[in-house]
Amino acid sequence: MRKAHDRIWARDYDGHGFPLSEWESTGNPYQLRKMDNAWWVNDEVREAVTNPLIGQIAAQLMDTDEVRLWYDQAIYKPGTGEQASEKSGNVGWHQDYPYWQCTDKTNLVTAWVALQDTAVANGSMLVIPGSHKWGLVPTSDSFFNQDLDALKERFAKEGRTWNEVPMILKAGHVSFHHAYTFHASGPNRSNDPRLSVVAHLMPGDTAYQNKGHNVDNIRLLGPRPKEGQRFDNSYFPKL
Ligand SMILES: O=C(O)CCC(=O)C(=O)O
């Protein structure tokens, strides 16, 4: 899987497809890299994000008997070494669901696969337990805002217990979070990149509903998606 990451960033793609968008270097070596729908161009990623065991666990969490892949991400958080003030690899406190308001379900889950032992020192994900019960919080589409303190100030309001828990994982472990769970990740202060592959998963009968915020995935339903149309074609494989 780590080699698969290398191949993705080197544009060494499997098959004859190509991704919705390719990774472009900004020239900043500390910048977070990610590719959505990496499974289109990489066999190892495809195998991981359509893994039946991950599907079985997600089915229990979502209380459904069928699970489909919504999309995946390959994420590369460069190591900053001693550059303590470096923030350009941060992922801001956010919820996933604001980005997915084109779906008629809200109980989607994400499986986050660690490709090395992962702890706070190398930029593990942080989560706020219980935040999945806060519902959709306005302006929480803040993945790309790298100021974690400012975001905490914005979201840690009265009545919301803000307890930051690091997801400490061994290589190959998988964590799961709900689409409303607040999560983020800080700097990777190690000398090695923090690699992960992420599967965003949905109940098998999830359909398009226009709630005012679309993602590129809508295009995968065809030129004129209709409300109620299920995300059940080959872009959304069953686990
Ligand atoms: O990898 C990270 O630090 C954040 C990942 C994330 O936002 C997600 O899996 O939903």
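Using 0.36 nm per residue of separation minus the Cα-Cα distance, give me the extension gain between Asp6 and Glu158 in nm, one decimal.
Computed gain between Asp6 and Glu158 is 50.3 nm.
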Which one of Thr103, Ile8, Ile54 has its Cα pushed farthest toward the positive end of the charge dipole of the chain, where Lys and Arg give +1 and Asp and Glu give -1 at the Cβ? Thr103
Give me the Kirkwood hydrodynamic radius of the chain, using the inverse of the mean 1/r over all pairs of distinct Cα atoms, in Å to one decimal. 18.3
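Which GluC sites (Glu not before Pro) in region 142-239 pass both tests, a DSSP loop state and at most 11 other beta-carbon atoms within 10 Å? Spell out each step's value before the answer.
Values: sites: Glu153, Glu158, Glu164, Glu227; in loops: Glu158, Glu164, Glu227.
Loop-located and lightly packed - Glu158, Glu227.
Gain in length, Glu82 to Asp63, computed as 0.36 nm per residue apart minus the alpha-carbon separation, to one decimal in nm? Don't jump to the answer; show the numbers that get you there.
Details: separation 19, 0.36 × 19 = 6.84 nm, distance 4.44 nm.
Using 0.36 nm per residue and subtracting the Cα-Cα distance, I get 2.4 nm.
For region 1-93, run through the GluC sites (Glu not before Pro) and keep only the ones in DSSP coil with at most 13 other Cβ atoms within 10 Å of their Cβ.
Here the sparse-neighbourhood loop sites are Glu22, Glu24, Glu82.
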Suppose R0 equals 22 Å; then what is the FRET efficiency for Glu24 and Arg219 from their Cβ-Cβ distance, rounded to the nearest 0.05? 0.60
Give me the Kirkwood hydrodynamic radius of region 1-92 in Å, from all C-alpha pairs, to one decimal place? 15.0
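Using the heavy atoms of the protein chains alone and a 1.4 angstrom probe, what is the accessible area of the chain per residue in square angstrom?
49
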Students often forget the sequence filter, so: which lysines lie under 20 Å Cα-Cα from Lys77 once same-chain residues fewer than 8 apart are removed? Lys3, Lys34, Lys87, Lys170
Whole-Hz ³J(HN,Hα) for each residue in region 140-152, computed from phi via Karplus 6.51 cos²θ - 1.76 cosθ + 1.60 with θ = phi - 60°, x for glycine and proline: what do you get? 8, 8, 10, 3, 8, 7, 9, 9, 5, 5, 5, 5, 4
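The values are calculated or read from the model by the stated rules, or taken from the named source; none is laboratory data. The model shown is predicted, which means the values in this text are computed figures rather than measured ones. Using ideal geometry, Cβ is built from the backbone for each residue, glycine included, and neighbour counts are taken over all protein chains shown. Just so you know, the surface numbers come from the protein's heavy atoms only, side chains and all, with ligands and any DNA or RNA stripped out. Shrake-Rupley method; radii C 1.70, N 1.55, O 1.52, S 1.80 Å.
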